[in-house]
Ligand SMILES: *Cc1c(COP(=O)(O)O)cnc(C)c1O
């Protein structure tokens with residue numbers, strides 16, 4: 001570790017140093033990533049950068065000092081509610097990301113449950129195995145418990161298993177639209193009907209699909225019902241920093257009614273520093289992602305989002321067809337939108353070696369487990385690089401096939417960890433990694 005700098009440097013030298021440090025980062029501008037960054041178009045990036053810069057020091061903790069931010073928030077929440085077909089009386093909140101949106105929805109369920117079962121009740125939520133780890137983080141932080149239920153062969157939530165998992169203490173059922181791992185939408189109608197029959201809450205995690213599925217549907221594609229048109233759905237999380245194309249730091253959570261949203265808020269009246277109220281998880285936060293998100297929606301409009309959704313869907317079709325046409329590879333599930341994962345068949349190449357071979361060519365796909373697979377989120381920006389990607393993909397598959405089974409390296413490590421039966425050992429490995437990340 002370098003010591004604290006004793007003297008300053010010129011801005012010019014600092015910028016040169018920063019550029020050097022960043023020189024090996026993944027090339028998101030040219031859509032080399034299939035996760036993490038949702039590349040739209042260069043004109044959208046230029047607008048984002050201009051508006052972001054204008055709001056860099058704005059603090060969204062106080063929308064009183066910065067009425068512009070109140071306006072942006074109000075519009076973003078209203079636009080989100082409209083896209084999700086929220087009924088009159090619905091109310092939403094801005095957060096810094098999907099994890100915070102989910103944390104808030106689970107907190108609302110906890111307060112709701114405490115009002116029914118008492119302050120000290122052990123409250124539970126039922127989550128399909130494919131639901132995002134943010135639900136597990138939320139119960140971990142909130143002192144609740146998550147009961148995990150299996151998914152069906154088509155990777156959608158098994159609602160019978162969810163029914164069996166409900167107890168006296170269950171406050172919330174969760175469904176994803178779509179789930180991150182396979183890009184399939186859970187049977188939200190059945191999950192919400194079950195929640196309503198039991199008189200409990202139902203959260204739809206549309207962090208990924210909230211700004212893609214509405215447009216995919218309007219383009220005429222079959223989209224399973226997932227939004228507030230489904231009776232019994234009580235809250236929905238939707239990330240603007242994914243398929244809304246905003247820079248990281250903006251997400252939304254919308255509730256069917258204001259009374260539910262109120263359970264999300266926090267107030268502390270006894271602080272000498274003043275009366276303190278906080279609508280969500282963060283304290284001070286940048287107004288820049290909010291302002292940029294507003295500008296992007298204003299710039300693209302429904303028309304712009306439809307065009308991008310069509311492009312991303314078409315690119316998804318090209319990629320998934322190429323995978324299905326490759327002997328030894330298969331899609332894990334048929335995706336409902338622009339997110340999918342693929343694996344190898346028994347006589348196919350090692351899938352993690354395919355990942356390594358793609359990485360060598362500058363393409364970054366996430367590794368998945370159960371089964372070992374590679375994961376891709378397709379953004380509109382991938383349309384431009386699709387031909388190059390598909391050529392590299394064919395080469396990468398051949399290269400992996402020629403290598404046989406990995407004995408060392410990242411591919412071997414992923415394979416071994418994915419298959420270790422003791423998940424506690426694997427969790428410790430993850431904690432060690434966080435404690436001591438490999439130096440760059
Ligand atoms: C990304 C994602 C989340 C978590 O959101 P962050 O913005 O990473 O905190 C939750 N659920 C799903 C389905 C997601 O794709």
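Values in this text are rule-based calculations from the coordinates and carry no lab data. On a predicted model such as this, the values are computed, not experimentally measured, just so you know. Ideal geometry is used to build each Cβ from the backbone, glycine not excepted, and the neighbour counts take in all protein chains shown.
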| note | hull vol. (C-alpha, convex hull) per residue for the stretch 131-171, Å³ -> 66 Å³
| message | What number does the stretch 31-121 give for Rg over Rh if you use C-alpha atoms and the Kirkwood radius? | response | 1.07
| field | Share of alpha-carbon pairs per 5 Å distance bin for the stretch 186-226, given as whole % | value | 6, 22, 25, 20, 14, 10, 3, 0
| Which value does Rg/Rh take for the stretch 231-276 over its C-alpha atoms, Rh per Kirkwood? | 1.16
| Quick one: what does P(r) look like for the stretch 206-267 with 5 Å bins over all Cα pairs, in whole %? | 4, 17, 21, 22, 19, 12, 4, 1, 0, 0
| query | Quick one: Debye curve from the C-alpha atoms of the stretch 1-48, no solvent, what's log10 I(q)/I(0) at q = 0.17 Å⁻¹? | reply | -0.73
| query | Once the Cα gyration tensor of the stretch 303-389 is found, what semi-axes does its equivalent ellipsoid get, as square roots of 5 times the eigenvalues, in whole Å, sorted largest first? | reply | 23, 14, 11
| Where a ≥ b ≥ c are the square roots of the eigenvalues of the C-alpha gyration tensor, would you call the chain rounded, which needs a/c under 1.5, or, failing that, prolate if a/b is larger than b/c, or oblate? | rounded
| Separation of alpha-carbon centers, the stretch 51-71 and the stretch 402-417, rounded to whole Å | 48 Å
| field | Surface/4 estimate of mean projected area, convex hull on alpha-carbon atoms of the stretch 386-440, nm² | value | 5.9 nm²
| field | Peptide ranges 167-178, 85-96, 135-146, 104-115 listed from the most packed, as the mean C-beta count within 10 angstrom indicates | value | 167-178, 104-115, 85-96, 135-146
| task | Would you mind putting 376-382, 390-396, 315-321 in packing order, based on average other-beta-carbon counts within 10 Å, highest first? | result | 376-382, 315-321, 390-396
| Where N is the number of residues in the stretch 62-195, Cα Rg divided by 2.2 N^0.38 Å | 1.16
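Which translational diffusion coefficient, to the nearest whole µm²/s, is obtained for the stretch 338-402 from the Stokes-Einstein equation, given a Kirkwood hydrodynamic radius over C-alpha pairs, 20 °C and 1.002 mPa s?
177 µm²/s
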| Size of the stretch 202-314 along its principal axes in angstrom, Cα-based, largest extent first? | 57, 34, 17
| Taking one equal scatterer on every alpha-carbon of the stretch 287-440, how large is log10 of I(q)/I(0) by Debye at q = 0.09, 0.21 1/Å? | -0.38, -1.28
| task | Please express the Cα-Cα pair-distance distribution P(r) of the stretch 147-189 as a list of whole percents, one per 5 Å bin, running from 0 to the bin with the greatest distance. | result | 6, 22, 34, 22, 12, 5, 0
| task | For the chain, give the share of DSSP beta bridges that are antiparallel, in percent and rounded to the nearest 5; count only bridges with both residues there. | result | 60 percent
